[in-house]
1. For the range 334-357, which residues satisfy the criterion of being polar (S, T, N, Q) and surrounded by fewer than 20 Cβ atoms within 10 Å (Cβ to Cβ)?
2. On the given criteria, is LYS263 among the charged types (D, E, K, R), open to solvent by 60 Å² or more (accessible area, probe 1.4 Å) and in contact with an Asp or Glu (Cβ under 8 Å, 6 or more places away or on another chain)?
3. From the list GLN171, GLN243, GLN226, pick out the single residue that is within 28 Å of GLN427 (Cβ to Cβ), open to solvent by 10 Å² or more (accessible area, probe 1.4 Å) and out of contact with any His (no Cβ under 6 Å at 6 or more places or on another chain).
4. Please determine, by comparing only the residues of the range 396-424 that are assigned to a loop (DSSP other than H, G, I, E, B) and in contact with a His (Cβ under 9 Å, 6 or more places away or on another chain), which one is farthest from VAL248 (Cα to Cα).
5. Which numbered condition trips up ARG237, out of (1) over 43 Å from the mean Cα position of the chain (by Cα); (2) crowded, with 21+ Cβ neighbours inside 10 Å; (3) among the basic types (Lys, Arg)?
6. Against the conditions (1) aromatic (Phe, Trp, Tyr); (2) surrounded by 21 or more Cβ atoms within 10 Å (Cβ to Cβ); (3) not in a strand (DSSP E or B), where does TYR391 fall short? Just the number, please.
7. Return the residues of the range 133-192 that are assigned to a loop (DSSP other than H, G, I, E, B), aromatic (Phe, Trp, Tyr) and more than 31 Å from the chain's Cα centre (by Cα); say none if nothing qualifies.
8. Pairs under 9 Å by beta carbon, first residue free of Cβ contacts under 8 Å to residues at least 24 places away in the same chain and open to solvent by 20 Å² or more (accessible area, probe 1.4 Å) in the range 179-202, partner assigned to a strand (DSSP E or B) and aromatic (Phe, Trp, Tyr), six or more apart or different chains?
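The values are calculated or read from the model by the stated rules, or taken from the named source; none is laboratory data. On a predicted model such as this, the values are computed, not experimentally measured, just so you know. Positions of Cβ are generated from backbone atoms using ideal geometry, with glycine treated the same way; all protein chains shown enter the neighbour counts. For accessibility, only protein heavy atoms count, side chains too; no ligands or nucleic acids. Shrake-Rupley method; radii C 1.70, N 1.55, O 1.52, S 1.80 Å.
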Amino acid sequence: MDPKKSRLNLPAGLESSLRLDLPPSHFPAIKNSPSPKKVIYSDRFIPCRSSSRLQTFTLSDKSSPAKEGGNDLYLRLLRAELFGTETLPLSPSGEQGSPASPNKNMFRFKMDHSSPSSPLSSVIAGDADVVPDSSTPPKPPRKVPKTPHKVLDAPSLQDDFYLNLVDWSSQNVLAVGLGTCVYLWNASSSKVTKLCDLGDRDGVCAVQWTREGSYLAIGTSLGDIQIWDGARCKKIRTMGGHQIRTGVLAWSTSILASGSRDKHIVQHDIRTSNDYISKLSGHRSEVCGLKWSDDDRELASGGNDNQLLVWNQRSSHPVLKFTEHTAAVKAIAWSPHQEGLLASGGGTADRCIRFWNTTNSNMLKCVDTGSQVCNLAWSKNANELVSTHGYSQNQIMLWKYPSMGKIATLTGHSMRVLYLATSPDGQTIVTGAGDETLRFWNVFASVKSKTPVRDFGAWSMGRSHIR
């Protein structure tokens, strides 16, 4: 044999150190002679699981004939350690069950549903047949501050269920009746102005701004109604019509309705020289609640006779009469979101808020609040309403209509929350009580923004006086 053909193809450095001394049937032994070291450089590949399509490589579920029997338990334990207990169920024979579809991978990575890891993630998810969690977490309830952002001292604010002594104008001015006087508090500047003093022989029983916020009507203990220009602090006129105290007032666009302890409702038109244009009789006791509908077509009245009556402008008799309440009805509010929807609240013996459809005279819902209902007001911006309460909890409650789920319960007053008014933007309410305080709460959200009502400068957490 040619000795050249018996040589190995080796690098030049090693060729001299190797010799073939044995027959060509096998390789000769290599002498323990030192060989030059040669460093071999190579790349190390580390795959990224988040971008690897490992599920495309199908792993067969068939067991090798040589490894059947003793290795089954080891394989199941190994799968459990590597991939957790969420493996396929065992068949009755003790072997690993096959997938529902034979083409699906037995082992697969759980996909991250929070965000796609690559542009191909949707395709990978479809290949892996991992069903995403379709359930979405419930929307958290809107957070309502539990404390007032402003408190005003209101000395001589009366604790009388049948009076209405607080109103907030569309020009952002709050009118408050304290004893024999009426004070105006400008929410933009915090300026306090004494509008009038009725004297020792009279007293303030009700205040109500016109819808444009220029004029203020004042109901007195003697039964008169005074009209004042709020900007100029000047009395325009005085109108009669009642024989005793006028405890509730309600403006439509041009008509002022007044309710009195004399059981009558009197309608006044300040454009005429007469004291009043009509007198409505239907209640058997003092009238303590009055509200016009937004379209001025209907007037709702509540009385100490537990009746809720609805009037229109074409009749001197009530067109609807609701007698389900078992206590005085002072709290009345028309919904600004649904025509003909009227809410009313009863006193201590009743404690219920009832909803009425005045188009067909049906009661829609009744909710027992557990306390005397003193006031109701709808949100302008959402289908929600707020109620204020007296005996026995003196709380303020925010409700979602029509489910009447409680959004928030606010506490802070130490006596009955008898007075309620809403800010012009519809976000803030002011409540008054016999504890001689006025408290401002951010309870309603705005339409355009969910941020709280802007700070008017005077609306810090400090406590100040209304007079």
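1. The first filter runs over the range 334-357 and keeps only residues polar (S, T, N, Q), leaving 335, 338, 344, 348, 357.
Listed by number, the residues that qualify are SER335, GLN338, THR348, ASN357.
2. Numbers: among the charged types (D, E, K, R): yes; open to solvent by 60 Å² or more (accessible area, probe 1.4 Å): yes; in contact with an Asp or Glu (Cβ under 8 Å, 6 or more places away or on another chain): yes.
In short, yes.
3. Working: GLN243 fails: within 28 Å of GLN427 (Cβ to Cβ); GLN226 fails: within 28 Å of GLN427 (Cβ to Cβ).
Answer to the selection: GLN171.
4. From the range 396-424, those assigned to a loop (DSSP other than H, G, I, E, B) are 401-404, 411-416, 423-424; that's our starting set.
Subsequent filtering for residues that are in contact with a His (Cβ under 9 Å, 6 or more places away or on another chain) retains 401, 416.
Details: TYR401: 27, ARG416: 18 Å.
By that ranking, first place goes to TYR401.
5. (2)
6. Evaluating TYR391 over (1) aromatic (Phe, Trp, Tyr); (2) surrounded by 21 or more Cβ atoms within 10 Å (Cβ to Cβ); (3) not in a strand (DSSP E or B) leaves (2) as the failure.
7. Here is the first cut: in the range 133-192, the ones assigned to a loop (DSSP other than H, G, I, E, B) are 133-149, 154-163, 165, 169-172, 179-180, 187-191.
Narrowing the set further to residues that are aromatic (Phe, Trp, Tyr) leaves 161-162.
The answer is TYR162, and nothing else.
8. Correct list of pairs: LYS191/TRP185.
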